[in-house]
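See structure below.
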Amino acid sequence: MDEKIKSEELKHLRFGAFLKDAVYGANDGIITTFAVVASVVGAALSPAVVILVGIANLLADAFSMAVSNYLASRSDVDFALRERAVETHEVEFRSEHETEEVREILSKKGYAGEDLESMVRLITKNEKYWIDFMMHEEVGAAPHGSIKPVKSAVVTFSAFVIAGVLPIAPYLFFIKNEKDAFFWSVIATAAALFFVGSSRSLFGERRWYFAGLEMLIAGGIAAVIAYFVVYFIGELLG
């Protein structure tokens with residue numbers, strides 16, 4: 001039973017680690033693709049153009065976001081590795097100074113007297129934990145090995161494409177009826193935003209309907225802005 005609970009907790013943590021990438025990618029995919037749909041509709045172009053432009057934009061933006069996420073994550077990894085090397089050197093060659101820094105950190109957290117000294121002794125007794133402690137408390141870097149640039153990029157790309165295709169999907173079924181296609185595109189966009197938002201409750205404290213409404217409102221405002229900007233520009237140019 002204990003092993004099962006431990007396995008479920010580890011699985012929960014693994015999924016939670018990539019939640020930000022999934023939500024970020026899905027939300028941007030929905031809004032970006034709907035903005036393309038709105039711009040094509042505002043320009044009074046055919047539904048076929050919505051599909052072609054929408055898919056091209058979907059794949060290009062998904063790849064761009066994935067690459068950007070990879071590079072950002074890679075930079076975080078490089079920063080963490082460099083800082084870890086610095087902390088390792090200081091622990092090995094400036095142990096007294098680093099011990100004093102541990103004492104200062106713990107003092108600020110409310111430890112004092114014998115409790116403080118016991119904590120300092122325990123932390124500095126284990127070099128690996130000592131370095132991990134300094135990385136977290138002094139540098140503020142993510143735990144060693146917790147950042148996975150390639151996986152983050154794949155999650156972002158997948159979430160962007162899966163969620164971003166929804167605003168285009170109605171045009172595949174209503175290609176001869178532009179009004180119905182756009183109506184169902186709006187419905188699909190709203191449903192996707194609510195679903196993505198509510199899924200955040202799986203890894204947080206918020207109720208699913210509040211989390212869903214929050215993203216629906218935020219994404220809906222962005223979608224409405226995109227639609228009316230294109231519409232009014234079209235009116236001015238037309």
Checklist entry - Roughly how many Å² of SER158 are accessible to a 1.4 Å probe, to the nearest 10? => result 50
Item to check | Crossing angle, helix 178-199 versus the chain [Cα axis fit, 0-90 degrees, rounded to tens] | outcome: 10
Checklist outcome for this item: Residue separation between LYS128 and LEU19 times 0.36 nm, minus their alpha-carbon distance, gives in nm 36.4 nm
Item to check | Using alpha-carbon coordinates, inclination of helix 47-93 to the longest axis of the chain, degrees | outcome: 10
Item to check | Between helix 208-237 and the chain: long-axis angle, C-alpha atoms, 0 to 90°, nearest 10 | outcome: 50
Item to check | Stretchable slack from TYR231 to LYS151, in nm (0.36 nm times residue separation minus alpha-carbon distance) | outcome: 24.9 nm
Next on the checklist: For a quick check of your reading of the filter: which trypsin sites (Lys or Arg not before Pro) in the range 78-145 sit in a DSSP loop and have no more than 16 other Cβ atoms within 10 Å?
Outcome noted: ARG94, LYS109
Item to check | Packing-based order for 161-169, 193-201, 32-40, using average beta carbon neighbours within 10 Å, highest first | outcome: 32-40, 161-169, 193-201
Checklist entry - What label, among (1) 21.1, 77; (2) 24.7, 79; (3) 19.0, 79, belongs to Rg and Dmax of the Cα atoms in Å computed from the structure on display? => result (2)
Next on the checklist: Out of the total accessible area of the range 27-166 (probe 1.4 Å, heavy atoms of protein only), what percent is carbon and sulfur?
Outcome noted: 61
Checklist entry - Between SER46 and ARG207, 0.36 nm times their residue separation minus their Cα-Cα distance comes to what? => result 53.9 nm
Checklist entry - How many lysine pairs in the chain, separated by 8 or more positions in sequence or lying on different chains, have Cα atoms less than 27 Å apart? => result 19
Checklist entry - Going by accessible area, probe 1.4 Å, with all protein chains left in place, what is the ranking of MET65, MET119, MET134, largest first? => result MET119, MET65, MET134
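The values are calculated or read from the model by the stated rules, or taken from the named source; none is laboratory data. From a predicted model like this one, the values you see are computed outputs, not experimental measurements. Don't worry about glycine lacking a Cβ; one is built from the backbone with ideal geometry, like all the others, and counts go over all protein chains shown. The area values use the complete protein model at the heavy-atom level, side chains included, leaving out ligands, DNA and RNA. Shrake-Rupley method; radii C 1.70, N 1.55, O 1.52, S 1.80 Å.
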